[in-house]
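Below is one structure; the comments refer to it alone.
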Amino acid sequence: MHVNQLHPWPTSVSEAESVQERLRLHVELTGPTDFTTVAGLDVHYHGDDALSAAVVVLDSGTLAVVDQVVVHGKAAFPYVPGLFAFRELPALVEALERLTVTPDLLVCDGYGLAHPRRFGLACHLGVLTGLPSLGVAKTPFVGTHTTPDRERGSWTPIILDDTTVGRTVRTQKAIKPVYVSQGHRITLDTATAQVLRLAPRFRLPDPIRAADHLARQST
DNA sequence: GCGACAG
DNA sequence: ATCTTGTCGC
């Protein structure tokens, strides 16, 4: 698939923050509710700045693998909370470009709207590709929230500056919740429903698990 | 001011 | 994220 090229690559924290402030204006918070194929994205780090970026496309109904790509590269930015996306973006974009199919939804490992400038990795990948996207994180990052009930499917809002920016979602009974937020061209209801549908058996959605496994195995 | 801070 | 041992559960 084709991905719009990244704008002048930031070389400082302030430049990276400017890129986020500019691109965030393109985020759309409504979109389709159903998807034929779904891509999971994840990155595995080795040593200093070496990394493997994996994308696995699954059939949305059967969860069978349709296509997969691994790219080996280097972190493109130092780790700075809030600018985490700049580390993995070039490798993930290259992996997406090498896909033979265009997925209908990107399921990203990290945050989307639940971000200090409302523009986490999931938003960034969504805007660059033009595809619907959502973020699933394993730990809280910004905002306040309460604990959801222990039943699978229960959730609570994540609030930042009096605005809902995501949800804690219990994907399995009595298992730690995940933190879901919108990326691009998707509603929070749809993002929540998709995460639950894609995580029928484990804490994390199958597309992310598949990408995680592929990135690890590729070492 | 200090610590914490997606991966 | 990674490092590494221990522990729990299928």
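The values are calculated or read from the model by the stated rules, or taken from the named source; none is laboratory data. As the structure is a computational prediction, the values presented were derived from the model and not from experiment. Because the Cβ atoms are built from the backbone with ideal geometry, glycine has one as well, and the counts that use them run over all protein chains shown. Remember, those area values only see protein heavy atoms, side chains included, never the ligands or the DNA or RNA. Shrake-Rupley method; radii C 1.70, N 1.55, O 1.52, S 1.80 Å.
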Just checking, does the stretch A:13-27 include any residue being open to solvent by 70 Å² or more (accessible area, probe 1.4 Å), assigned to a loop (DSSP other than H, G, I, E, B) and either over 14 Å from A:His124 (Cβ atoms) or of a type outside the set (Lys, Arg) (or both)? no
When the residues of the stretch A:25-51 are narrowed to those that are in contact (Cβ under 8 Å) with a residue 40 or more places away in the chain and among the acidic types (Asp, Glu), which ends up farthest from DNA strand B (Cβ to nearest atom)? A:Glu28
Kindly list the number of the only condition in (1) surrounded by 24 or more Cβ atoms within 10 Å (Cβ to Cβ); (2) touching a Leu at 6+ places or on another chain (Cβ under 6 Å) that fails for A:Asp206. (1)
Is there any pair linking a residue in the stretch A:178-191 that is at positive phi to one that is buried (at least 22 other Cβ atoms within 10 Å of the Cβ), with Cβ under 8 Å and at least six apart or on different chains, and which? A:Arg185/A:Gly126; A:Arg185/A:Leu131; A:Arg185/A:Pro132; A:Arg185/A:Ser133
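Got a number for residues in the stretch A:60-80 being assigned to a loop (DSSP other than H, G, I, E, B), free of Cβ contacts under 8 Å to residues at least 40 places away in the same chain and either touching a Phe, Trp or Tyr at 6+ places or on another chain (Cβ under 9 Å) or open to solvent by less than 20 Å² (accessible area, probe 1.4 Å) (or both)?
Taking the stretch A:60-80 and keeping what is assigned to a loop (DSSP other than H, G, I, E, B), we get A:60-64, A:75-80.
Okay, now just the ones that are also free of Cβ contacts under 8 Å to residues at least 40 places away in the same chain, so A:61-62, A:64, A:75, A:78-79.
Next cut, either touching a Phe, Trp or Tyr at 6+ places or on another chain (Cβ under 9 Å) or open to solvent by less than 20 Å² (accessible area, probe 1.4 Å) (or both) only: A:75, A:78.
Final tally of qualifying residues: 2.
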Would you mind stating whether A:Val66 is among the aliphatic types (A, V, I, L, M), more than 15 Å from DNA strand C (Cβ to nearest atom) and more than 17 Å from the chain's Cα centre (by Cα)? yes
If I filter the stretch A:37-59 for residues that are more than 13 Å from DNA strand C (Cβ to nearest atom), of a type outside the set (D, E, K, R) and not in a strand (DSSP E or B), do I get at least one hit? no
